[in-house]
Amino acid sequence: MNFLLIIRDQTSPIGEKASPPSASAPFCEPERILKAYGYDVLASSVERDIRRKIREADAVVLQMPIPGIRVWANLTAKLKAVPLMWWCSEMTAVSSLASSKNEGEGEDDIPVDGILTPSMSANELHWALHLGAKHFLERRQWMEERTQLVSRLEERKWIDHAKGILCEINRISEAEAYEVLRKRAMNERKRIVDISALIVKAHQQLKT
């Protein structure tokens, strides 16, 4: 990894430009440390800048309390699939605890691939980023497999529904109904699920 995009949430709404912090401020800490360890870094809390630079980023470092992570994770996912690392300093950790108590939010399912802390050495930070990237790839694969499984289940519902309609109307068995669907799909050069959806929708229209 070479270029890291730090997203700051200075309790400002997304897209609202905050005043630039001084170099000694706590929120400059990750930028200073990561640059010292040899990474190219851009830090911003401005949505316009983040949209422009995220396509170049090898990873995103989220410097904010946990509630803000969910907001920015959803936004970055629409822009580019990239590893998300949480900068867990004393400031962000304390703010996260306060937010979770006030808003009743838990700490489960935080959408990050790893955690970076100010106390990490260069080697520790390097390996944290490496493992975060590995976790990111595994998470993406799991999400793709889940999407495919949900899609197959939805297709199965359409097909089963269509078979039920054909069985009822034509008084045939499920095996015969499936054969009807298969032959029609072949003749029309469509998928069985597409033929099934047409039958179900047409049947619903006739009933209304």
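The values are calculated or read from the model by the stated rules, or taken from the named source; none is laboratory data. Everything numeric in this text was worked out from a predicted model, so none of it was measured. For neighbour counting, all protein chains shown are included, and Cβ atoms are generated from backbone atoms with ideal geometry for every residue, glycine included. Keep in mind that these areas ignore ligands, DNA and RNA; they rest on the heavy atoms of the full protein, side chains included. Shrake-Rupley method; radii C 1.70, N 1.55, O 1.52, S 1.80 Å.
Residues whose amide H lies under 5 Å from that of residue 87, counting only those 5 or more places away or on a different chain, are 62, 63, 64, 116; hydrogens are built 1.01 Å from N in the peptide plane.
Relative to the longest principal axis of the Cα atoms of the chain, helix 122-170 runs at roughly 20 degrees.
The GluC sites (Glu not before Pro) of region 107-187 meeting both criteria, a DSSP state outside H, G, I, E and B (loop) and at most 15 other C-beta atoms within 10 angstrom of the site's C-beta, are 107. Counting Lys and Arg as +1 and Asp and Glu as -1 over every other residue whose Cβ lies under 14 Å from the Cβ of residue 56, the net charge comes to +2. In the chain the longest region clear of trypsin sites (Lys or Arg not before Pro) that are loop-assigned by DSSP and have at most 15 other C-beta atoms within 10 Å covers 81-170.
Pairing the Cα long axis of helix 192-207 with the longest principal axis of the chain, what angle in degrees results, from 0 to 90 and rounded to the nearest 10? It works out to around 70 degrees. Once the 1.4 Å probe is applied to the protein heavy atoms, the chain comes out at 62 Å² accessible per residue.
In deg cm²/dmol, rounded to 500, what helix-only [θ] at 222 nm does the chain give when every DSSP H run of at least 4 residues adds -39500 (n - 2.57) and the total is split over its residues? It comes out at -20000 deg cm²/dmol, rounded to the nearest 500. Counting only protein heavy atoms and a probe of 1.4 Å, the accessible surface of the chain is 52% carbon and sulfur. In this Cβ point-charge picture (+1 for Lys and Arg, -1 for Asp and Glu), region 112-166 has a dipole of about 220 debye about its Cα centre. Rounded to the nearest 10 degrees, the angle from helix 90-103 to the longest Cα principal axis of the chain is 50 degrees.
The phi-based Karplus calculation (6.51 cos²θ - 1.76 cosθ + 1.60; θ = phi - 60°) puts the 3J(HN,Hα) values of region 172-180 at 10, 7, 4, 5, 5, 5, 5, 5, 4 Hz, whole numbers, x for Gly and Pro. Taking label positions 7 Å along the Cα-Cβ direction at both residue 172 and residue 121, the computed distance is 7.3 nm, reported to one decimal.
Here the gap between residue 51 and residue 183, fully extended at 0.36 nm per residue and compared with their Cα-Cα distance, gives a gain of 42.6 nm.
Placing +1 on each Lys and Arg Cβ and -1 on each Asp and Glu Cβ, with no other charges, gives the chain a dipole about its Cα centre of roughly 1080 debye. Stretched out straight at 0.36 nm per residue, the stretch from residue 36 to residue 150 would grow longer than its current Cα-Cα span by 36.5 nm.
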